[in-house]
Amino acid sequence: MIMTTGAEPVIRMFHVHKRYGSQMALHDVNLTVLKNDFVFITGQSGAGKTTLLRLLFLDEVVSQGQILVNGIHLQRIRRAKIPFLRRNMGVVFQDFRLIHSYTVYENVALVLETTGQQKRYIQKRARQVLRMVGLEDRLHAYPQRLSGGEQQRVAVARAAVGNPLILLADEPTGNLDTTAADMVFDLFRQLHTRGTTVIVATHDSRLFEKVQGRIVVLNQGCVESKLTV
Amino acid sequence: MNLTTRSSIFQRVRRNVSTTPYLHLATTATIAFSLLIIGTFALVYTNISDLIRSWQDNIRVVAYLSDGLPEGRRTSLQQRLAKLYGVGEIRYVSKDAAMDRLKRQMKHRLSLLEGLQENPLPASFEIRLVQGWQGWERLDPLVDQIKQLPDIEDVEYGQAWLRRFSQFIAFFRLASLIIGVLIVATTVFVCTNTIKLTLYTKRQELEIMSLVGATDAFIQTPFYIESLIEGFLGGLIAVGLLFGTYRLFISRVQSPHLLLSSGEIAFLSLTACGALLAVGMLIGWFGSYLSLKRFLRP
């Protein structure tokens, strides 16, 4: 990962609207995220935090407006190119989305297997990341045998293992105790230090003190304020 | 595709088979059953076709001559016959030779022939056709040409009934083809739905793979490999069962030479067996293609 201090935008959202039927989830959102930014998206439940993240990795498509990620226009991207866009992003899902028939190690290694990395590198890197989240001794456990907090850490390890350019995390510490939350957040900080742009959707205001970043407050689908802390 | 991706794909093939063994068994059994039916039709068809071909190859045209034909005119007639396109060997059978042959054939009822004052049988030319020339569409014009020659009283070819039988075989072939296509289509439909069930049980896994950056090829390849293996195994089972049944059938048939001129009912050729395996794999592949196409539709 190349370290940069430049201010080139990696994500740009122009007048983005997202509707689910008659319900407006996001309304006229304009947002620019610079390279190596650390951005918190916050707001109450139903404010549109998760929707905003899902639009960025094309789990959803905008109803109106434009989104550019690394200069790629998400509304014009070809289907075959979507996997390559997603490989530049690590995503921590709120509901973890782990594969239950895969072990902890296999869940994390899968990301590197899809990119065709060497087996030796996969083993080394997957173990390294799992060590960083404190799960080195649970490599061969299946997700259903893990606590909610442990599953969340596996999800974080999977998002981080590919050294992504952008890390998107949806309530990454929601199920964690203070110690585990700190461990996960340390991992985010390390990735950020190496140049990764980190976007965390959370309503946990304690996290804002842990890192210098920007806070985007959503309210009923609209950007209410943008702060720098 | 590098070694890691390949190994990951084969690992997923193993995992898929072990997590849903009954669905895979059902697919393999469906393919095997369909190919068994198709193979049976092919076996019957090839043997009957071979039989007809061998009968056709032995067709003789008999041209009966006018009574009291002088030798000079007979020789000239034979020369004219020999010049006709498609005529091979010509053998002259005199009135006496015809009577001797009849007596040999009726050796237990010779008394029937004893009352004859004179030999009523005509002299004839027995005409064999050039090898590989035979065909109904060519035979009729040739017979017409022979009939028009002077001193020819009548022309007949004993295997005329073969024509009707051949028409039946042509119908059988068409019916087999239609039934074969219907069976293949039904099997593809069944396979598509079985594979859809597998995909449905794995939908969460596939969705997650897609979200972490797996390409469609990475996601789909294990399913194609599984289907090809199932198709191949289905084909092997079908050929095995067909061969077993064939052996059982042959051992019970008394004097098969009564049925076939070659004396034996032949099993499918290696090429035909290979074609059955290929059809099995094709059915599996196509079933996967249809279900994956619908399942991964954006």
Check your understanding: Can you work out the FRET efficiency for the pair B:Arg173 and A:Arg76, with r the C-beta to C-beta distance and R0 = 45 Å, to the nearest 0.05?
Key -> 0.25
Practice item. Can you check how the C-alpha radius of gyration of chain B compares to 2.2 N^0.38 Å, as a plain ratio? Key: 1.62
Study note, to complete from the structure: For chain B, longest principal axis from Cα atoms; helix B:161-201 axis from its Cα atoms; angle between them, nearest 10 degrees, is 0
Review point. If you count, for every residue in A:112-125, the Cβ atoms of partner chains within 10 Å of its Cβ, what is the mean?
Key: 4
Check your understanding: Using θ = phi - 60° and the Karplus curve 6.51 cos²θ - 1.76 cosθ + 1.60, what whole-Hz ³J(HN,Hα) does each residue of segment A:165-181 get, with Gly and Pro shown as x?
Key -> 6, 10, 10, 10, 10, 9, 6, x, 10, x, 10, 9, 6, 4, 5, 5, 4
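Provide the packing ranking of A:100-106, A:152-158, B:229-235, i.e. peptides ordered by the mean count of other C-beta atoms within 10 Å per residue, highest first.
Most protected by this proxy first, the peptides run A:152-158, B:229-235, A:100-106.
In peptide B:198-211, what is the residue-averaged number of other protein chain Cβ atoms found within 10 Å of each Cβ?
Partner-chain Cβ atoms within 10 Å, mean over residues of B:198-211: 4.
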Practice item. With θ set to phi - 60°, apply the Karplus curve 6.51 cos²θ - 1.76 cosθ + 1.60 along segment B:276-284 and write out the HN-Hα couplings as whole Hz, x wherever there is a Gly or Pro. Key: 4, 4, 5, 5, x, 5, 5, 4, x
Exercise for review: Calculate, axis by axis, the spread of Cα positions in segment B:60-133 along the three principal axes, and write the results as whole Å, longest axis first.
Suggested key: 43, 30, 11
Check your understanding: Among B:210-217, A:46-53, what's the highest-first ranking by average C-beta atoms within 10 angstrom per residue?
Key -> A:46-53, B:210-217
Practice item. Quick one: work out Rg over Rh on the C-alpha atoms of the protein assembly as shown, Rh as Kirkwood radius. Key: 1.34
Check your understanding: Which value in nm describes the separation of the simple spin-label points at B:Thr245 and B:Arg91, placed 7 Å from the Cα toward the beta carbon?
Key -> 4.2
Study note, to complete from the structure: Taking every residue of A:72-84, the Cβ atoms of other protein chains inside 10 Å of its Cβ average out to 2
Practice item. Using a 1.4 Å probe over the heavy atoms of the protein chains, calculate the carbon and sulfur portion of the accessible area of chain B as a whole percent. Key: 61
Check your understanding: So between B:Ile37 and B:Leu3, what do we pick up on full extension, going 0.36 nm a residue minus the alpha carbon distance?
Key -> 8.3 nm
**Study point:** Part-to-part distance (alpha-carbon centres) for segment A:1-73 and segment A:138-181, which is given in Å
**Key:** 22
Review point. Could you state the principal axis extents of the C-alpha atoms in segment B:1-59, from the largest down, to the nearest angstrom?
Key: 65, 29, 9
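In segment A:67-116, what trypsin sites (Lys or Arg not before Pro) fall in a loop by DSSP, with at most 10 other Cβ atoms inside 10 Å?
Hits after loop and neighbour filter: A:Arg76, A:Arg78.
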Exercise for review: Could you tell me which of the pairs A:Lys18/B:Lys202; B:Lys95/B:Lys147; A:Lys124/B:Lys202; A:Lys81/B:Lys293 are separated by over 24 angstrom between their Cα atoms in the structure shown?
Suggested key: A:Lys18/B:Lys202; A:Lys124/B:Lys202
**Study point:** C-alpha long axis of helix A:119-132 to longest principal axis of chain A, angle in °
**Key:** 70
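If you wrap a convex hull around the alpha carbons of segment A:9-228, what volume per residue comes out, as a whole number of Å³?
Cα-based convex hull of segment A:9-228, divided per residue, equals 122 Å³.
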Study note, to complete from the structure: Residue by residue through segment B:6-23, the couplings from Karplus 6.51 cos²θ - 1.76 cosθ + 1.60 with θ = phi - 60°, in Hz, x for Gly and Pro, are 4, 5, 5, 5, 5, 5, 5, 4, 4, 5, 4, 5, 6, 7, 10, x, 5, 5
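The values are calculated or read from the model by the stated rules, or taken from the named source; none is laboratory data. Just so we're clear, the structure is a prediction, and the values are computed from it rather than from any experiment. Using ideal geometry, Cβ is built from the backbone for each residue, glycine included, and neighbour counts are taken over all protein chains shown. Keep in mind that these areas ignore ligands, DNA and RNA; they rest on the heavy atoms of the full protein, side chains included. Shrake-Rupley method; radii C 1.70, N 1.55, O 1.52, S 1.80 Å.
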